[in-house]
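> A single structure is presented below for examination.
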Amino acid sequence: MHALIVVAHHDPLSLSQQLAREVIAGLEDSGPEHSFELADLWAEAFDPCFAAADIAVHRGQAAPPADVLAEQARIDRADVLVLVYPVYWWAMPALLKGWIDRVFANGWAFDFQADTPLVKKLRHLRVHMVGVAGADAGTYERHGYLQAMKTQIDHGVFDYCGARVETSALIFESESSQVQAHLLRARAIGRGVFGNCRLAEPV
């Protein structure tokens, strides 16, 4: 099986980047028969701006731009998609959201046309998400942020396209001193990506 790990953080020393590397280490632990590819959106200078060319794609008036086609090809090669990202204002950062906006396009991730049933085209894809949160679990639970994120991302994005979210984890209190525990958890997520069992929900 093949996994695509997507990380969206500009700083190679950030916790998000460290977690992505630990996810990869966990994937390597799972055996040589599996493979992976890393998409570092910042290092690769992916343009997240949804512009006129992307609207034309959505309307079926043009083919996707070359950078979008390249990202779609990477996902097409993957059985598993792993997203690692910091939480900004209780959501994905603009870089990752823009990647989804542009890459998960009408005609590729789904088929939408007026007066016809929606066709979900990513039913083969399994998704794991690792969000890096500064606040604690109680804050997310008390204000409903966790459920809001799951509704917006797990259901609103991936279920809409037919992809199955297998784990949706948040690393809480990311600015605390518990870095080693966070890294161990990311490695465990990586080890479980190709497994048949579902990992626990966020704690």
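The values are calculated or read from the model by the stated rules, or taken from the named source; none is laboratory data. Owing to the predicted nature of the structure, the values given are computational and were not obtained by experimental measurement. Positions of Cβ are backbone-derived with ideal geometry, glycine not excepted, and every protein chain shown enters the neighbour counts.
> Quick check, is Leu95 outside any strand (DSSP E or B) and within 23 Å of Gly162 (Cα to Cα)?
Here the answer is yes, as Leu95 does meet what is asked.
> Tell me which residues, restricted to region 49-71, are surrounded by 16 or more Cβ atoms within 10 Å (Cβ to Cβ) and under 30 Å from Gly192 (Cα atoms).
Val68, Glu71
> Something else now. Just the residues that are among the aliphatic types (A, V, I, L, M), assigned to a helix (DSSP H, G or I), crowded, with 18+ Cβ neighbours inside 10 Å and in contact with a Phe, Trp or Tyr (Cβ under 9 Å, 6 or more places away or on another chain), please, taken from region 143-168.
Leu146, Met149, Val157
> Give the residue that is farthest from Ser177 (Cα to Cα), with candidates limited to residues of region 89-99 that are surrounded by fewer than 19 Cβ atoms within 10 Å (Cβ to Cβ) and touching a helix residue (DSSP H, G or I) at 6+ places or on another chain (Cβ under 8 Å).
Ala91
> Kindly state which helices (runs of 4 or more DSSP H) lie completely within region 1-79 and contain at least 1 residues that are under 18 Å from the mean Cα position of the chain (by Cα), farther than 22 Å from Arg102 by Cα and at pLDDT 95 or above.
Result: 15-29.
> Residues of region 106-121 being surrounded by fewer than 21 Cβ atoms within 10 Å (Cβ to Cβ) and in a loop (DSSP other than H, G, I, E, B), which ones?
Hits for region 106-121 are Gly107, Trp108, Phe112, Gln113, Ala114, Asp115, Thr116, Pro117, Leu118, Lys121.
> Taking the residues in region 127-139 that are surrounded by fewer than 21 Cβ atoms within 10 Å (Cβ to Cβ) and of a type outside the set (A, V, I, L, M, F, W, C) as candidates, determine which candidate is farthest from Leu69 (Cα to Cα).
This residue is Gly138.
> Check region 111-121 and report whether any residue there is basic (Lys, Arg) and under 23 Å from Val87 (Cα atoms).
No, that holds for no residue.
> Can you name the residue in region 169-187 that is out of contact with any Gly (no Cβ under 8 Å at 6 or more places or on another chain), outside any loop (DSSP other than H, G, I, E, B) and touching a residue at least 24 places away in the same chain (Cβ under 8 Å) and is also surrounded by the most Cβ atoms within 10 Å (Cβ to Cβ) among such residues?
Here the residue is His182.
> Given the conditions (1) in contact (Cβ under 8 Å) with a residue 40 or more places away in the chain; (2) touching a helix residue (DSSP H, G or I) at 6+ places or on another chain (Cβ under 9 Å), report the number of the one that His58 does not fulfil.
(2)
> Restricting to region 8-55, what's the tally of residues that are without any contact (Cβ under 8 Å) to a residue 24 or more places away in the chain, hydrophobic (A, V, I, L, M, F, W, C) and either in contact with a Phe, Trp or Tyr (Cβ under 6 Å, 6 or more places away or on another chain) or closer than 20 Å to His182 by Cα (or both)?
1
> Filter region 153-201 down to the residues that are over 17 Å from Ala135 (Cβ atoms), among the charged types (D, E, K, R) and modelled with pLDDT under 90 and list them by number.
Once the filter is applied, which keeps residues that are over 17 Å from Ala135 (Cβ atoms), among the charged types (D, E, K, R) and modelled with pLDDT under 90, region 153-201 yields Arg198, Glu201.
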